[in-house]
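Comments concern the structure below.
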Amino acid sequence: MNRLTRITAILIQLQSKKIVTAKEIAGRFEISLRTVYRDIKTLQDAGVPIGSENGVGYYIVDGYRLPPVSLTEDEANALIVSEEFIKRQGDRSLSKNYDSVITKIKSTLRSFQKDHIEFLADRTFSFVKGKVIESNGLSEIQKAISHKKVLDISYRSIYKEELTHRKIEPQAVYFTNNLWVTIAHCRLRGEFREFRLDRIDRLTVTSETFEPNLQFSWQNYFGRFQV
């Protein structure tokens with residue numbers, strides 16, 4: 001990767017997160033920290049409003065946006081693979097939102113790129129072992145997690161088929177065994193519980209907020225089940 005391409009990629013990376021550390025940049029592009037500092041200085045000298053916090057990282061000042069960047073052929077091909085997975089993952093809300101965003105991305109491609117990815121799409125397929133279990137609440141749950149909103153749900157028990165009314169504080173979601181699951185603090189049970197999205201009959205995002213568990217991590221959560 002030449003320096004100009006790398007500097008442009010660093011700018012895109014800075015826009016992808018609120019704070020990006022020099023170590024993250026160095027690791028992604030396999031360069032030294034000294035080179036990172038030099039590249040950041042080049043961007044600042046070019047007028048890009050990059051701020052920094054000592055010991056934290058770099059950030060782009062609010063309001064600055066880079067004009068749309070054209071995709072490489074490899075990046076466009078990666079979209080086809082992800083699109084194939086999304087179509088078969090089971091949650092209708094995610095499929096609908098992804099279809100919307102992928103249409104917008106494809107609209108920025110050049111004619112020959114569109115021809116290539118349409119041809120590749122016809123030659124790409126993913127086999128999912130077993131039946132995919134459908135749901136329709138992932139997008140709302142994702143929004144509740146990021147906005148720290150309490151969810152009001154009606155949930156059907158897996159074993160007794162009981163319908164219970166609960167308020168939950170969603171912490172994370174994951175895909176396993178062809179279905180989506182959310183990990184949440186259940187106020188009814190007073191502890192963390194897992195809720196299959198296909199078992200949620202009704203879901204309402206309330207106006208009530210909660211304080212997220214900052215100690216939550218995948219390593220700690222799933223580490224409880226390791227012997």
Completion exercise
the chain accessible area per residue, 1.4 Å probe, protein heavy atoms, integer Å², reads 65 Å²
Exercise for the section: Sort out for me the Cα centre separation of segment 79-119 from segment 162-211, rounded to whole Å. Expected result: 29 Å
Problem - 222 nm mean residue ellipticity, helices alone, for the chain (DSSP H n ≥ 4; -39,500 (n - 2.57); rounded to 500) - result: -12500 deg cm²/dmol
Practice task
Relative to the longest principal axis of the C-alpha atoms of the chain, give the angle of the C-alpha long axis of helix 138-147, reported between 0 and 90° and rounded to the nearest 10°.
Solution key: 70 degrees
Handout entry: Simple label model, 7 Å out from Cα along Cβ direction - THR176 to THR35, nm
Key = 4.0 nm
Handout entry: Extended-chain gain in nm, criterion 0.36 nm per residue less alpha-carbon gap, TYR159 and THR42
Key = 36.0 nm
Exercise for the section: Would you mind giving the average projected area, over all directions, of the Cα convex hull of the chain in nm² with one decimal? Expected result: 17.1 nm²
Handout entry: When each of LYS18/LYS106; LYS87/LYS149; LYS96/LYS167; LYS17/LYS129; LYS104/LYS143 is checked by Cα-Cα distance, pairs over 30 Å
Key = LYS17/LYS129
Handout entry: Sparse-neighbour loop sites [GluC sites (Glu not before Pro); segment 117-148; at most 15 other C-beta within 10 Å; DSSP]
Key = GLU134
Problem - Carbon + sulfur, % of accessible area of segment 39-147 - ligands and nucleic acids excluded, 1.4 Å - result: 54 percent
Problem - Nearest-0.05 FRET efficiency for ASN2 and PHE216, computed from C-beta distance (R0 25 Å) - result: 0.05
Exercise for the section: Pull out the extension gain between THR21 and LYS104, defined as 0.36 nm times the separation in residues minus the alpha carbon to alpha carbon distance; nm, one decimal. Expected result: 26.9 nm
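The values are calculated or read from the model by the stated rules, or taken from the named source; none is laboratory data. Because the structure is a prediction, the values reported are computed rather than measured. In this analysis, Cβ positions are derived from the backbone assuming ideal geometry, glycine residues included, and neighbour counts consider all displayed protein chains. Remember, those area values only see protein heavy atoms, side chains included, never the ligands or the DNA or RNA. Shrake-Rupley method; radii C 1.70, N 1.55, O 1.52, S 1.80 Å.
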